[in-house]
Each structure stands twice: as structure tokens, then as C-alpha cells.
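A short write-up of the structure that comes next.
Just so it is clear, none of the values below were taken in a lab; they were calculated from the coordinates. For clarity, every value in this text was computed on a predicted model and none was experimentally measured. For neighbour counting, all protein chains shown are included, and Cβ atoms are generated from backbone atoms with ideal geometry for every residue, glycine included.
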Amino acid sequence: MLMPKRVKWRKQQRGRIRGCATRGHTVAFGEFGLQAIEPGWIPSRTIEACRIAATRGAPEAKIWIRIFPHKSVTSTPAETRQGTGKGDIDYWTAVVKPGTVIFEVGGVTEDLAKKAFNRVAHKLPVKVRMIKRRHL
């Protein structure tokens, strides 16, 4: 699973996702990309599951993961009384704004990329769409 090597502060506040992505919203490495349509958190386990689904869907493709789980999410154990402080880190997640390219694929046809991204989209907690690289 993905997680940062080291962080300045262990625990973060939840925050809220506002606006659309201003960076990382175009296909930069491959030919086709999977772009988020709505905001959300994508846990590191989900990113790994998507990576496996993409490699199995298109084995000869080169796959780029464009997001990284920088945010720590905490939780307190069940049946714990209030007032014991913030809980321990439960998992790491990537914060995704609408427009963020999550995955990219290169070296395959559009049909094969569509098939691989379809497998990936079923695992993601946000709505996504497939986009092509714009050649200038």
C-alpha cells in the first residue's frame, strides 16, 4: 500500500474539498486518462486494487498512477467513551478534486484502454470518465 515515508505531523484535520483541479487535470504521460468528475477521498488500498485491475485488464500497457495518498485518516475504536483524544491513524487517502486525472495508460489501443479503465472505474468511490491526450 502507498503511504508517505515521513510526515511533519502524524494527524491531520479532515478539511473539505472545494473547487476543481487546477493542476493534474490533463493527460501528461500516456495516451488515455481516467479523470474524476466528483470530489472525494481515494484510500491507498483502493489505489492498489485499481492498479492490479488495470494491469490485468491491459497487461501490455504502461500505467501511470497520478495520485498519492498524503492525507492520514484517524478513527477511534468502537465502544470508546468521549474525551479520550483523537484516535490513531486508520489509513492513508488521496484527496481528489473534480478534474483530477487519477490514472493514465499508454501503448495500447483505445478499446483496450476503455476495457481496463472500466474495470478500474468499478472499484473507485468517485465518478470518472475516460479522456484522450490532446495533441497540439
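Among Leu124, Leu2, the order by Cβ neighbours within 10 angstrom, fewest to most, reads Leu2, Leu124. Ordering 56-68, 92-104 by mean Cβ neighbour count within 10 Å, with the highest value first, yields 92-104, 56-68.
Among the listed pairs Lys8/Lys71; Lys71/Lys132; Lys71/Lys97; Lys5/Lys62; Lys5/Lys123; Lys62/Lys123, those with a Cα-Cα distance over 18 Å are Lys71/Lys132; Lys5/Lys62; Lys5/Lys123; Lys62/Lys123.
Nearest 500 deg cm²/dmol is fine: what mean residue ellipticity at 222 nm does the chain get from its DSSP H runs of n ≥ 4 alone, each adding -39,500 (n - 2.57), divided by its residue count? Could the numbers behind the result be given before it?
Values: 2 runs with 26 residues, N = 136.
Helix-only estimate at 222 nm: -6000 deg cm²/dmol.
Share of pairwise Cα-Cα distances greater than 18 Å in segment 1-74 is 52 percent (whole percent).
What shape does segment 92-136 have by the C-alpha gyration tensor, where a ≥ b ≥ c are the square roots of the eigenvalues, rounded means a/c under 1.5, and otherwise prolate means a/b greater than b/c and oblate the rest? It would help to have the intermediate numbers written out before the result.
Numbers: a/c = 2.27, a/b = 1.40, b/c = 1.63.
Note, shape of segment 92-136 comes out oblate.
Straight-line reach from Lys127: taking Cα to Cα under 17 Å and skipping same-chain neighbours fewer than 8 places apart, the aspartates and glutamates in range are Glu38, Glu104.
Between the Cα long axis of helix 44-57 and the first principal axis of the chain there is an angle of about 20°, rounded to the nearest 10. The angle between the Cα long axis of helix 110-121 and the main principal axis of the chain comes to about 10°, on a 0 to 90 degree scale.
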